[in-house]
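Some notes on the structure that comes next.
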Amino acid sequence: MLNFVGDWHALVVLLLAGVFPNQIWRMLGLWLGSGIDEGSDLLMWIKAVATAILAGVIAEILVRPPGALASVPDVLRYGAVVVGFVVFALTRRSIFAGVVSGELVMLAGKWWLG
């Protein structure tokens, strides 16, 4: 069993440094946010900021791709985003359909290009 898990010390560090601190903030957020109206100006602002940050991260990945994504041509990366967005819009804003279609375009294009 130890060979299957690998280095158990790394798993303990991952739990202590990554999972537990994150879960504390999640539970605190649930507890504090349970009484806030979902349509309130505060939550609308938080949603707008979170969306802007996500858009910035996606733009950064498109413009300066990290790691293995850097080997994918720009046209293929941008094309996959366009296809994903079009599918997202056509499927009544299905995030799942948009992401899957963009991934399929990326994988098919990378396979075709070699």
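The values are calculated or read from the model by the stated rules, or taken from the named source; none is laboratory data. From a predicted model like this one, the values you see are computed outputs, not experimental measurements. Note that we place each Cβ from the backbone using ideal geometry, even for glycine, and neighbour counts take in every protein chain shown. Areas reflect the complete protein model, heavy atoms only, side chains present, ligands, DNA and RNA absent. Shrake-Rupley method; radii C 1.70, N 1.55, O 1.52, S 1.80 Å.
Residues in the stretch 64-75 carry Karplus couplings, in order, of 10, x, x, x, 5, 5, 5, 7, 7, x, 4, 4 Hz; the curve used is 6.51 cos²θ - 1.76 cosθ + 1.60 with θ = phi - 60°, and Gly or Pro positions show x. Considering the chain as a Gaussian network with a 10 Å cut-off on Cα pairs, which listed residue, 29, 67, 18, attains the greatest mean-square fluctuation? Among 29, 67, 18, the largest mean-square fluctuation in the Gaussian network model of the chain belongs to 18. Normalised per residue, the accessible area of the stretch 2-114 is 82 Å², obtained with a 1.4 Å probe and no contribution from ligands, DNA or RNA. For the chain, carbon and sulfur atoms together expose 75% of the accessible surface, with a 1.4 angstrom probe and every protein chain in place. Here the 3J(HN,Hα) profile of the stretch 32-49, calculated from phi with Karplus coefficients 6.51, -1.76 and 1.60 at θ = phi - 60°, is 6, x, 5, x, 8, 5, 5, x, 5, 4, 4, 6, 5, 5, 4, 5, 5, 5 Hz, Gly and Pro shown as x.
Provide the net charge surrounding residue 44, with neighbours chosen by a C-beta distance below 11 Å and charges set as Lys +1, Arg +1, Asp -1, Glu -1. Display every interim value, and only then the final one.
Numbers: positive: 47; negative: 37, 38, 41.
Residues near residue 44 contribute -2 overall.
Taking 65, 73, 21 in turn, the Gaussian network model of the chain (Cα-Cα springs below 10 Å) assigns the largest fluctuation to 21. Taking Cα Rg over 2.2 N^0.38 Å straight from the coordinates, which label in [x] 0.99; [y] 1.48; [z] 1.12 is the correct one? Correct label, based on the coordinates given: [y].
Which residue, 80, 17, 52, tops the fluctuation ranking in a GNM of the chain built on C-alpha contacts under 10 Å? Maximum among the listed residues: 17.
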